[in-house]
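Visitor: Here it is, the structure in full.
The values are calculated or read from the model by the stated rules, or taken from the named source; none is laboratory data. If you're wondering where the values come from, they're calculated on a predicted model, not measured in any experiment. Please note: Cβ atoms are built from the backbone with ideal geometry, for glycine as well, and neighbour counts cover all protein chains shown.
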């Protein structure tokens, strides 16, 4: 019985060894086949990236004067008064009057509601609105004014300030420069990958520009369609290119 038991163990050992060797050699031949397929293709496709931090050099800012009154005469008088005080405030802050652009006045009619909350034909009052905007390269100054202008509310000036929008004026030229940097990065990546496999990078077969990602500084935000942030002064711009090379 003991001899039979030992024979069974020896048989199981050789069976396991055979299976293990089969798996090793099988993996080798499969890997070799995959490698040949890649080499036979004769090309390599890589992505290149360029990233740069930029500071906005232009700001656009908009506000609105919103005047509710029971009659039009009082509404226009209040609007004119608020506009004069607004302009005076901006001039004292260092903004030239000619740089402030006002839109035409718009009017909305307020109708009285009945007990069921439905609108009637009885006029209850009016709302006059007038937008103003400005664009400037004095980014820091305008940002400060935009954050402080609601102080006028304490003086009964009905002003609503919108969030400033920040831009980089030389963006088109910067994009072209960054595409060149991204292309160099792609070439370097291709050469490293090719060298590791004992090959050399040949001629460029195709190049494709990806979308630009312009995001707030230190943001991880990303979109398939690209992003163009206007909410922050400090931004990060990223360029991506995809390039295909021959492998020699």
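Visitor: Which number in (1) assigned to a helix (DSSP H, G or I); (2) closer than 16 Å to residue 125 by Cβ; (3) free of Cβ contacts under 8 Å to residues at least 40 places away in the same chain marks the one condition that residue 107 misses?
Guide: (1)
Rundown of residues vs (1) under 26 Å from residue 139 (Cβ atoms); (2) surrounded by 18 or more Cβ atoms within 10 Å (Cβ to Cβ), yes/no style:
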residue: 180; (1), (2): no, no
residue: 192; (1), (2): no, no
residue: 196; (1), (2): no, no
residue: 215; (1), (2): yes, yes
residue: 223; (1), (2): yes, no
residue: 236; (1), (2): yes, yes
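Visitor: So, in the stretch 138-167, how many residues would count as being part of a loop (DSSP other than H, G, I, E, B) and touching a helix residue (DSSP H, G or I) at 6+ places or on another chain (Cβ under 7 Å)?
Guide: First pass over the stretch 138-167, keeping only residues part of a loop (DSSP other than H, G, I, E, B): 138, 156-158, 162-164.
Adding the requirement that they be touching a helix residue (DSSP H, G or I) at 6+ places or on another chain (Cβ under 7 Å) leaves 157-158, 164.
Counting residues in the stretch 138-167 that are part of a loop (DSSP other than H, G, I, E, B) and touching a helix residue (DSSP H, G or I) at 6+ places or on another chain (Cβ under 7 Å) gives 3.
Visitor: May I ask you to list the residues in the stretch 189-213 that are closer than 14 Å to residue 50 by Cα and free of Cβ contacts under 8 Å to residues at least 60 places away in the same chain? Let's see the steps before the verdict.
Guide: Just the residues of the stretch 189-213 that are closer than 14 Å to residue 50 by Cα, to begin with: 189, 209-213.
Within the stretch 189-213, 209, 211, 212, 213 qualify.
Visitor: With the requirement that a residue be out of contact with any helix residue (DSSP H, G or I) (no Cβ under 8 Å at 6 or more places or on another chain) and under 11 Å from residue 125 (Cα atoms), what does the stretch 60-72 give you?
Guide: 70, 71, 72
Visitor: Test residue 79 against the criterion of being over 37 Å from the mean Cα position of the chain (by Cα) and more than 30 Å from residue 213 (Cβ to Cβ), and give yes or no.
Guide: Working: over 37 Å from the mean Cα position of the chain (by Cα): yes; more than 30 Å from residue 213 (Cβ to Cβ): yes.
Against the criterion (over 37 Å from the mean Cα position of the chain (by Cα) and more than 30 Å from residue 213 (Cβ to Cβ)), residue 79 qualifies.
Visitor: Can residue 120 be described as assigned to a strand (DSSP E or B), under 30 Å from residue 78 (Cβ atoms), modelled with pLDDT under 95 and in contact with a strand residue (DSSP E or B) (Cβ under 8 Å, 6 or more places away or on another chain)?
Guide: On the way: assigned to a strand (DSSP E or B): yes; under 30 Å from residue 78 (Cβ atoms): yes; modelled with pLDDT under 95: yes; in contact with a strand residue (DSSP E or B) (Cβ under 8 Å, 6 or more places away or on another chain): yes.
The answer is yes for residue 120.
Visitor: While we're on this one: Checking residue 184 against (1) within 30 Å of residue 85 (Cα to Cα); (2) over 22 Å from the mean Cα position of the chain (by Cα); (3) at pLDDT 95 or above, only one condition comes out false. Which one?
Guide: Going through the list (1) within 30 Å of residue 85 (Cα to Cα); (2) over 22 Å from the mean Cα position of the chain (by Cα); (3) at pLDDT 95 or above, residue 184 breaks only (1).
Visitor: I need the full set of residues from the stretch 198-210 which are surrounded by 14 or more Cβ atoms within 10 Å (Cβ to Cβ) and at pLDDT 90 or above, in order please. Give the steps one after another, and end with the answer.
Guide: Applying the first criterion (surrounded by 14 or more Cβ atoms within 10 Å (Cβ to Cβ)) to the stretch 198-210 yields 199, 201-202, 204, 207, 210.
201, 202, 204, 207, 210, listed by residue number.
Visitor: Can I ask one more? For the stretch 85-100, which residues satisfy the criterion of being farther than 19 Å from residue 67 by Cβ and not in a helix (DSSP H, G or I)?
Guide: From the stretch 85-100, those farther than 19 Å from residue 67 by Cβ are 91-99; that's our starting set.
Of everything in the stretch 85-100, those that are farther than 19 Å from residue 67 by Cβ and not in a helix (DSSP H, G or I) turn out to be 93, 94, 95, 96.
Visitor: Further, regarding this structure: Within the stretch 222-238, can one find any residue that is without any contact (Cβ under 8 Å) to a residue 12 or more places away in the chain and either within 20 Å of the chain's Cα centre (by Cα) or on the phi < 0 side of the Ramachandran plot (or both)?
Guide: Step one: list which residues in the stretch 222-238 are without any contact (Cβ under 8 Å) to a residue 12 or more places away in the chain, which gives 222.
Retained after the next criterion (residues that are either within 20 Å of the chain's Cα centre (by Cα) or on the phi < 0 side of the Ramachandran plot (or both)): 222.
For the stretch 222-238, residues without any contact (Cβ under 8 Å) to a residue 12 or more places away in the chain and either within 20 Å of the chain's Cα centre (by Cα) or on the phi < 0 side of the Ramachandran plot (or both): present.
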